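Notes follow once the structure below has been shown.
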Amino acid sequence: MTTDRIDRTAISGSRGSVANEISPLLPRILQPFISTSHPASLLLFDRDLTFWRASWQKRPFLILESAGYFFLPAPPPWSLPGAGHPEPGSLGFPDFWSRLAQTLLEWNNGIPARLDSLPPGLSAEGFQPPQPTETEYIFLRSSWETLHGREFRAHRWERNRLRREHPALRAIPWSGEYLRPAKKLIERFIAFRRSKNDGHYSRLLLEDQYRAHEKALELSGEIGLTGLLLLSGTDLLGIGWFALIPEEASAICFLEARQPEMDGIPVSLTQAFFRLFPRYGHLNIQGGSGILEIDQAKKLDSPQACSQINSQSLSSATSF
């Protein structure tokens, strides 16, 4: 007999096993465009998150808990219309959303939960309308492979200047022999960012980035990240960490660090990615960081596709 009750079981184990368990609970079709719901993101930037495998009528989904607050990082794959392909309209299974809202209200001691990582045009019926929270920036191979066009003048100038100054410039996949110089580069990069930001929010984000870089260096294989190094001879100039999604021919760039005094490294890393991974058509460099300089730099990297991401409060359900 199928019950309407929602149960949950904590997901535990190594980071690799946790990533393997939570990945099928997230909407794969959305992962290239919603970096915050990708397993690697959840594991890299966790702030003591607890991962829960929940179930409703034998349908599994993922719930996160942070400091006693329960919420959904993304809609369950089986709730998306069109067999998992996002289309304008409502998420499926209205009875589920009604039950979930009531359950999370109880678990959160009267505080409504929220549903994150909603693409435009989708919402759970019976709740307050979704609100924009992020804009994911998507780089297209068709534009970045050649950097042709007036809009890429600054990018070409930075790339060509870097090549002139470093004629031995090359990009290679991550290798453990560069662990020590990578740690030094990341420390310099974070210290440089700290010197440019004195707000408490920015400091917290930079601490998150530093810890995430440490996790990537130690656990990249375990949590499914691919590293890319930009070198001048044997000198390390930059490092980027990517989650590859072969079935969608997509990738997400989660982390990047570079020598602070050098321009053009992000441009060269992006071009190197498309050159070394020719089957991938677009690269998500994520949304806003809350750090002014980084956000401004991302907005200048055009042309690009922008994917608006929404969050919906699971309160004021019509079934209450």
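The values are calculated or read from the model by the stated rules, or taken from the named source; none is laboratory data. Owing to the predicted nature of the structure, the values given are computational and were not obtained by experimental measurement. Using ideal geometry, Cβ is built from the backbone for each residue, glycine included, and neighbour counts are taken over all protein chains shown.
Overview of values
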quantity	calculated
Condition met for G264 (assigned by TED's automatic domain parsing to the domain that holds R170 and surrounded by fewer than 21 Cβ atoms within 10 Å (Cβ to Cβ))	no
Considering residues of region 39-78 that are farther than 21 Å from I309 by Cβ and buried (at least 18 other Cβ atoms within 10 Å of the Cβ) only, the residue nearest to the chain's Cα centre (by Cα)	W52
Test: residue in region 173-182 that is buried (at least 18 other Cβ atoms within 10 Å of the Cβ) and part of a helix (DSSP H, G or I)	yes
Near pairs, Cβ below 7 angstrom, 6+ apart or cross-chain, from region 220-237 (at positive phi) to any residue that is part of a strand (DSSP E or B) and modelled with pLDDT of 90 or more	G224/A243
Evaluation of V18 against (1) assigned to a helix (DSSP H, G or I); (2) under 24 Å from P120 (Cβ atoms) (one fails), failing number	(2)
Subset tally (residues that are in contact with a Gly (Cβ under 9 Å, 6 or more places away or on another chain) and within 13 Å of A124 (Cβ to Cβ)) for region 98-113	2
Residue list for region 226-270, restricted to those being over 20 Å from the mean Cα position of the chain (by Cα), in a helix (DSSP H, G or I) and not hydrophobic (A, V, I, L, M, F, W, C)	S268
Any hit, region 5-13, residues being modelled with pLDDT of 90 or more, of a type in the set (S, T, Y), outside any strand (DSSP E or B) and touching a Pro at 6+ places or on another chain (Cβ under 8 Å)	no
Checklist (1) closer than 25 Å to Q31 by Cβ; (2) crowded, with 18+ Cβ neighbours inside 10 Å; (3) modelled with pLDDT of 90 or more applied to S98, failing item	(1)
Residues of region 21-38 that turn out to be in a helix (DSSP H, G or I) and over 10 Å from the mean Cα position of the chain (by Cα), as a count	8
Hey, I223 surrounded by 19 or more Cβ atoms within 10 Å (Cβ to Cβ), among the hydrophobic types (A, V, I, L, M, F, W, C) and closer than 25 Å to F33 by Cβ or not	yes
Criterion (under 21 Å from I223 (Cβ atoms) and in contact with a Pro (Cβ under 9 Å, 6 or more places away or on another chain)) met by exactly one of P32, P75, P39, P24	P24
